[in-house]
1. Working only within segment 325-341, note down all residues that are touching a helix residue (DSSP H, G or I) at 6+ places or on another chain (Cβ under 9 Å) and either over 14 Å from residue 270 (Cβ atoms) or assigned to a helix (DSSP H, G or I) (or both).
2. Would you mind listing the strands (runs of 3 or more DSSP E) fully within segment 244-324 where at least 3 residues are closer than 25 Å to residue 229 by Cβ?
3. Just the residues that are within 26 Å of residue 71 (Cα to Cα) and part of a loop (DSSP other than H, G, I, E, B), please, taken from segment 122-142.
4. Any residue that is more than 17 Å from the chain's Cα centre (by Cα) and surrounded by fewer than 24 Cβ atoms within 10 Å (Cβ to Cβ) - is there at least one of those in segment 261-269?
5. Look at residue 218 and say whether it is in the same structural domain as residue 105 (by TED's automatic domain parsing) and within 15 Å of the chain's Cα centre (by Cα).
6. Taking the stated definitions as given, is residue 224 surrounded by 15 or more Cβ atoms within 10 Å (Cβ to Cβ), touching a strand residue (DSSP E or B) at 6+ places or on another chain (Cβ under 9 Å), closer than 27 Å to residue 75 by Cα and at pLDDT 90 or above?
7. Anything in segment 180-217 that is assigned to a loop (DSSP other than H, G, I, E, B) and either without any contact (Cβ under 8 Å) to a residue 24 or more places away in the chain or under 16 Å from residue 162 (Cα atoms) (or both)? List them, or say none.
């Protein structure tokens, strides 16, 4: 898979991004909005610290009367989602009710690895939530709260949206609580350009940011047409384009989530070294670290080597092929892993200190691994 043409954001850490699908970049702010920065890594995890609200911040103040009326209609059905992960870290995202009984639609990466999930409404009520179903590859999850009364909710649009129409998002980015961002729908069925982001998304000009993940994208009628997933940014961190997973009434994905389907992606449990990714000779995916007890660990793969003081003394193993297919970067390695099924055995061609060897390992569900934060 070719690399994204967008510049690399300067906030990227040198060692990051794990093969199975969710990496945590420090310093990107709260929320789980995936940031496509052009590297072959995943940036969709909501693990960064929750920022304090910005004094006097009121994005809705600049809305046109029509947009303000739409925002007032949609906001009561929108929610803030806070989670604590298995590793003890916290994160913040967005979501929205799709039923009066308290079903909440959000992005999967907002709740991935969560030990505790709390949903806060526009009326400042907070409820514990549980995951009903999810599709990791599609980056969509369905939650349930036990509401004491019927809640306001958004209906899903019955038809596919049209390119050029105005859209409105409600989310929790930039320290705001359930505020509006406006834009135009630029394209349907957008290609992610990366193996670890969902395909077939809606592309928009709305200036979204971390914290907006999982929030609703609505049309002029106030119907939900998408779930916010990721953005592309420039090297100053400014949003270029935003992307949402499309949703429509009665579609198979939503029906499956309501039925409790939990669809994960295959993983081997490791992180990549972005600083050297694809830069070795021969080029390959350089391992940063492995998850204790995971398939990569059990197979004896190793990451970056360091001395007692923490100084790096050597690169990690380099993945050159997956299942017999040549992989020249972590993005290509991720793509090949995801062409297999959980439970299958895959052969990785790796090189360590100039010595090549093949390593067999059984793929596991990403959710079964506990990554250090």
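The values are calculated or read from the model by the stated rules, or taken from the named source; none is laboratory data. This is a predicted model, so every value here is computed, not measured. Please note: Cβ atoms are built from the backbone with ideal geometry, for glycine as well, and neighbour counts cover all protein chains shown.
1. Across segment 325-341, the qualifying residues are 325, 326.
2. Filter on segment 244-324 gives 270-272.
3. 122, 123, 124, 125, 139
4. Yes, there is a match, as at least one residue in segment 261-269 is more than 17 Å from the chain's Cα centre (by Cα) and surrounded by fewer than 24 Cβ atoms within 10 Å (Cβ to Cβ).
5. Considered against the rule, which asks whether it is in the same structural domain as residue 105 (by TED's automatic domain parsing) and within 15 Å of the chain's Cα centre (by Cα), residue 218 comes out as no.
6. Yes: the conditions hold for residue 224.
7. Selection gives 191, 199, 200, 205, 206.
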